[in-house]
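Scroll down for the structure; my scribbles are underneath it.
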Amino acid sequence: MAAVVPHLTVHEVTAERWPDFERLFETRGGPKSCWCMVWRPSAGKSGAARKAEMKRRIDEGTPIGLLGYLKGEPVAWCSVAPRASYRRLVSNGSPDDGIWSMACFFIVRPLRGMGLSEQLIAAAKKSARRHGAKALEAYPVDADSPSYRFMGQLPLFERAGFEAIGREGKRRHVVQLKLSNRKT
């Protein structure tokens, strides 16, 4: 019997959704030490400073990512925003204009491995396209990578239609999906 894949409802993080974002990040195993600020210019290295900086960005209306909900509860996160809003994710000198980046995923432990990452990627494509992005970029690792696993694994993005365009460091691949005139 095939496992039932839960269907996420996905929303962009806004000031009104801050309580949900905060609850998800503070859940057991959640990314409450980084607050998804590791790849963004940050005001500090402590969890509290990163949380405050993330809240400031959200309150200002800066795109930071998507929350996935199951039965009204926040259970998943995908960091997706203009590449220029992150610290340097690629060192190849390519311009940031029109490129959005997916830099992080978090799914509550009981729901991992159920296809929710695929749903988050599909929602990220729609969100980036709605904001006028020309391409969506990600930085996945191989399945056996000892680090950067929160960025996703390469086969996930290959199945979603991303194409390899290079590598960054020893572990991260750089994959990209052109969004102009695409429906998926």
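The values are calculated or read from the model by the stated rules, or taken from the named source; none is laboratory data. Note that the structure is a prediction, hence the values are computed from the model and not measured. Quick reminder, even Gly has a Cβ in these numbers, built from the backbone with ideal geometry, and neighbours come from all protein chains shown.
Which condition number does residue 62 fail, the rest of (1) buried (at least 20 other Cβ atoms within 10 Å of the Cβ); (2) within 30 Å of residue 165 (Cα to Cα); (3) touching a helix residue (DSSP H, G or I) at 6+ places or on another chain (Cβ under 9 Å) being met?
Of (1) buried (at least 20 other Cβ atoms within 10 Å of the Cβ); (2) within 30 Å of residue 165 (Cα to Cα); (3) touching a helix residue (DSSP H, G or I) at 6+ places or on another chain (Cβ under 9 Å), only one is false for residue 62: (1).
Could you check, for region 159-171, whether at least one of its residues is at pLDDT below 95, surrounded by 16 or more Cβ atoms within 10 Å (Cβ to Cβ) and of a type outside the set (Gly, Ala, Ser)?
Yes, because at least one residue in region 159-171 is at pLDDT below 95, surrounded by 16 or more Cβ atoms within 10 Å (Cβ to Cβ) and of a type outside the set (Gly, Ala, Ser).
Please go through region 63-95 and give me each residue that is in contact with a strand residue (DSSP E or B) (Cβ under 7 Å, 6 or more places away or on another chain), farther than 21 Å from residue 32 by Cβ and either among the polar types (S, T, N, Q) or free of Cβ contacts under 8 Å to residues at least 40 places away in the same chain (or both), ordered by number.
Of everything in region 63-95, those that are in contact with a strand residue (DSSP E or B) (Cβ under 7 Å, 6 or more places away or on another chain), farther than 21 Å from residue 32 by Cβ and either among the polar types (S, T, N, Q) or free of Cβ contacts under 8 Å to residues at least 40 places away in the same chain (or both) turn out to be 91, 92.
Any residue in region 18-43 that's modelled with pLDDT of 90 or more: show its pairings with residues that are part of a loop (DSSP other than H, G, I, E, B) at Cβ separation under 7 Å, as long as the two are six or more apart or on different chains.
The qualifying pairs are 21/13; 24/30; 25/31; 25/32; 25/35; 26/32; 27/108.
Report yes if some residue within region 138-154 is free of Cβ contacts under 8 Å to residues at least 60 places away in the same chain, touching an Asp or Glu at 6+ places or on another chain (Cβ under 7 Å) and not polar (S, T, N, Q); otherwise report no.
Yes, region 138-154 contains a residue that is free of Cβ contacts under 8 Å to residues at least 60 places away in the same chain, touching an Asp or Glu at 6+ places or on another chain (Cβ under 7 Å) and not polar (S, T, N, Q).
Starting from residues that are in contact with a strand residue (DSSP E or B) (Cβ under 7 Å, 6 or more places away or on another chain) and among the small types (Gly, Ala, Ser), keep the ones in region 141-158 and report whichever is surrounded by the most Cβ atoms within 10 Å (Cβ to Cβ).
Per the stated criteria, the residue is 152.
Working carefully through the options 72, 29, find the one that is in contact with a helix residue (DSSP H, G or I) (Cβ under 6 Å, 6 or more places away or on another chain), within 25 Å of residue 6 (Cβ to Cβ) and surrounded by fewer than 20 Cβ atoms within 10 Å (Cβ to Cβ). First the steps, then the outcome.
On the way: 72 fails: in contact with a helix residue (DSSP H, G or I) (Cβ under 6 Å, 6 or more places away or on another chain).
Checking each option against the conditions leaves just 29.
Need the failing condition index for residue 153 against (1) modelled with pLDDT of 95 or more; (2) within 24 Å of residue 75 (Cβ to Cβ); (3) touching a Ser or Thr at 6+ places or on another chain (Cβ under 9 Å); (4) not hydrophobic (A, V, I, L, M, F, W, C), just the number.
(1)
Report whether or not residue 42 is more than 22 Å from residue 121 (Cβ to Cβ), surrounded by fewer than 14 Cβ atoms within 10 Å (Cβ to Cβ) and either hydroxyl-bearing (Ser, Thr, Tyr) or touching a helix residue (DSSP H, G or I) at 6+ places or on another chain (Cβ under 6 Å) (or both). I'd like the intermediate steps shown before the answer.
Details: more than 22 Å from residue 121 (Cβ to Cβ): yes; surrounded by fewer than 14 Cβ atoms within 10 Å (Cβ to Cβ): no; either hydroxyl-bearing (Ser, Thr, Tyr) or touching a helix residue (DSSP H, G or I) at 6+ places or on another chain (Cβ under 6 Å) (or both): yes.
No; evaluated as a whole, the condition is false for this residue.
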